[in-house]
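The values are calculated or read from the model by the stated rules, or taken from the named source; none is laboratory data. All values derive from a computational prediction rather than experimental measurement. Glycine also receives a Cβ, built like all others from the backbone with ideal geometry; neighbour counts cover every protein chain displayed.
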Amino acid sequence: MTTESGLIVKRYASALLDLAAEAKALESVEKDVQELAAMIEASPELVTLIENPLMGRAQQQNVMQALAEKAKFQDLTTKFLGVLVHNRRLVALSQILKAFLRELNRRRGGVEAKVQVAHALTPAQTEALKAQLSKTLGAQVTLTVEIDQSLLGGMIVTYGSRMIDDSVKRKLEMLQRAMNANENTTAKNQKEVG
């Protein structure tokens with residue numbers, strides 16, 4: 001995502017957040033956003049529809065209107081989707097929804113954390129990790145989990161400007177460095193003795 005498109009995504013997300021707060025419909029809109037994000041994640045067909053540059057505004061408008069009615073979205077959410085279609089920004093819908101939830105969490109005093117793991121976490125593990133991080137940081141944590149098989153095991157947790165690397169990969173690298181340092185010291189000592 002370019003800087004310009006990132007700014008556009010943030011502007012739309014902030015605008016929806018501000019309008020929802022102003023209309024005292026924040027909880028309803030938040031629920032709609034979470035539901036729509038889950039729909040997009042679960043439906044490759046919906047992603048294709050959203051990202052298809054050949055689909056006309058009228059078609060997109062009809063589909064988004066039908067989807068909003070079926071899901072019983074709040075009027076503000078439905079109108080917002082219409083604005084995205086009209087402005088040809090529907091392609092950024094998924095990023096806008098994520099930005100909305102991140103900004104809402106930030107405004108509520110929450111912390112965003114990224115966790116990299118070698119293998120997918122179960123829902124129970126994800127919730128336990130989120131609860132532990134929330135307790136440790138003293139704030140509600142929103143968790144993004146990424147899979148990086150090169151870590152071999154363990155995890156890397158990043159929040160704010162802090163990073164905790166407890167991966168097997170890092171431990172092996174540290175062990176390798178220690179062994180190399182020990183070899184160098186041993187070779188130096190043998191040279192001095194001999």
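Annotations for the structure displayed:
- Against the test of being under 29 Å from Ala139 (Cα atoms), in a helix (DSSP H, G or I) and touching a residue at least 12 places away in the same chain (Cβ under 8 Å), the options Val115, Val29, Val63 yield a single qualifying residue, Val29.
- Taking the criterion of being within 20 Å of Asp18 (Cα to Cα) and either within 23 Å of the chain's Cα centre (by Cα) or not assigned by TED's automatic domain parsing to the domain that holds Ala20 (or both), the residues of segment 74-96 that qualify are Thr77, Phe80, Leu81, Leu84, Arg89, Leu90, Ala92, Leu93, Ser94, Gln95, Ile96.
- Residue satisfying condition, being surrounded by 15 or more Cβ atoms within 10 Å (Cβ to Cβ) and of a type in the set (A, V, I, L, M, F, W, C), within set Ala42, Ala92, Ala58: Ala92
- Check on Ser43, within 19 Å of Leu101 (Cα to Cα) and modelled with pLDDT of 90 or more: no
- Note on segment 118-194: enclosed strands (runs of 3 or more DSSP E) holding 1 or more residues that are more than 19 Å from the chain's Cα centre (by Cα) and either touching a residue at least 40 places away in the same chain (Cβ under 8 Å) or closer than 30 Å to Glu103 by Cα (or both) are 154-159, 162-167.
- Check on Gln125, farther than 28 Å from Ile8 by Cα and surrounded by 12 or more Cβ atoms within 10 Å (Cβ to Cβ): yes
- Per the listing Glu45, Glu35, the residue uniquely free of Cβ contacts under 8 Å to residues at least 24 places away in the same chain, assigned to a helix (DSSP H, G or I), among the acidic types (Asp, Glu) and over 16 Å from Arg106 (Cα atoms) is Glu45.
- The conditions of being under 15 Å from Ala99 (Cα atoms) and not acidic (Asp, Glu) are not met by Arg57.
- Test: residue in segment 179-191 that is modelled with pLDDT of 85 or more and surrounded by 10 or more Cβ atoms within 10 Å (Cβ to Cβ): yes
- Of all the listed residues (Ala58, Ala68, Ala99), the sole one being assigned to a helix (DSSP H, G or I) and within 16 Å of Asp18 (Cα to Cα) is Ala99.
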